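Visitor: Got a structure for you, questions after.
The values are calculated or read from the model by the stated rules, or taken from the named source; none is laboratory data. Since this is a predicted model, take the numbers as computed values, not measurements. Every residue, glycine among them, receives a Cβ derived from its backbone with ideal geometry; neighbour counts consider all protein chains shown.
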Amino acid sequence: MAIGRLHHLVIDCPDPRRLAEFWSAVLGEAVTYADEDFVVVARSDRHSGLAFQRAPDHQPPDWGDPARPQQMPLDVMVDDVPDAHARVLALGARRLTAAAPGAGEGDVYADPAGHPFCLVPRPGWAPPVGEQTT
C-alpha cells in the first residue's frame, strides 16, 4: 500500500509569478493559486501540480556543477501524518524540521540522498491516497 501521493513539486525561484506564468504557458495549465510568495500551476484547483515559492537568495542550478546541483523539494500528501512519519523514517528518511509557525502544515524530511520533501495532510478536496485519481 502506498504511503502517499505527490501533492506539488515545489520549485524555489526569485519570482514565483513570472516562473508560474512561463510554466502555465508551456503546459497549458492554469494558475490555480497565487500569493506574493507562492504560486501553483495545475489542471484545476483540485489537482496537484507545480508550485513556485519565493527564494530571495536563490542561486539557480548550474548543470554539471556539483556545487549547485539540481534541487526540487517535493510535497507529498498523506492521509495520516503520524503514520506516514513513521513509515518514511523506517524507509530511511531523516526528519529535518517540523513545520514552521505560519508556514502551513507538514514536516520536512530528507530522503536517503538528502533531497528535502514535506509530508502534508491531504486536503479535503482530494480523494484518500489509496483511491484512483483521474
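Visitor: Tell me the residue from 81, 88 that is among the hydrophobic types (A, V, I, L, M, F, W, C), closer than 21 Å to residue 47 by Cα, at pLDDT 85 or above and surrounded by 13 or more Cβ atoms within 10 Å (Cβ to Cβ), please. Lay out the reasoning, then the answer.
Guide: On the way: 88 fails: closer than 21 Å to residue 47 by Cα.
After applying the criteria, what remains is 81.
Visitor: Could you tell me which of the residues 45, 62, 75 is modelled with pLDDT under 90, out of contact with any Gly (no Cβ under 9 Å at 6 or more places or on another chain) and either under 26 Å from residue 125 (Cβ atoms) or in a loop (DSSP other than H, G, I, E, B) (or both)?
Guide: Details: 45 fails: modelled with pLDDT under 90; 75 fails: out of contact with any Gly (no Cβ under 9 Å at 6 or more places or on another chain).
Just one listed residue meets the conditions, 62.
Visitor: For region 2-25, which residues satisfy the criterion of being in contact with a helix residue (DSSP H, G or I) (Cβ under 7 Å, 6 or more places away or on another chain) and more than 15 Å from residue 48 (Cβ to Cβ)?
Guide: 3, 13
Visitor: Quick one: in region 116-134, of everything that is out of contact with any Ser or Thr (no Cβ under 9 Å at 6 or more places or on another chain), in a loop (DSSP other than H, G, I, E, B) and surrounded by 15 or more Cβ atoms within 10 Å (Cβ to Cβ), which residue is modelled with the lowest pLDDT? Show your work before the answer.
Guide: Quick first cut of region 116-134, residues out of contact with any Ser or Thr (no Cβ under 9 Å at 6 or more places or on another chain) only: 116-125, 128-132, 134.
With in a loop (DSSP other than H, G, I, E, B) added as a condition, the list becomes 122-125, 128-132, 134.
Still in the running and surrounded by 15 or more Cβ atoms within 10 Å (Cβ to Cβ): 122, 129.
Numbers: 122: 91, 129: 88.
Residue satisfying both the conditions and the ranking: 129.
Visitor: Run residue 81 past the list (1) among the β-branched types (Val, Ile, Thr); (2) closer than 25 Å to residue 131 by Cβ; (3) touching a Cys at 6+ places or on another chain (Cβ under 9 Å) and report the number of the one that doesn't hold.
Guide: (3)
Visitor: Kindly indicate which of 51, 67 is within 19 Å of residue 117 (Cβ to Cβ) and either part of a loop (DSSP other than H, G, I, E, B) or among the small types (Gly, Ala, Ser) (or both).
Guide: Working: 67 fails: within 19 Å of residue 117 (Cβ to Cβ).
51 is the lone residue from the list that is within 19 Å of residue 117 (Cβ to Cβ) and either part of a loop (DSSP other than H, G, I, E, B) or among the small types (Gly, Ala, Ser) (or both).
Visitor: Please go through region 51-91 and give me each residue that is among the basic types (Lys, Arg) and closer than 22 Å to residue 34 by Cα, ordered by number.
Guide: Of region 51-91, the ones among the basic types (Lys, Arg) are 54, 68, 87.
Across region 51-91, the qualifying residue is only 54.
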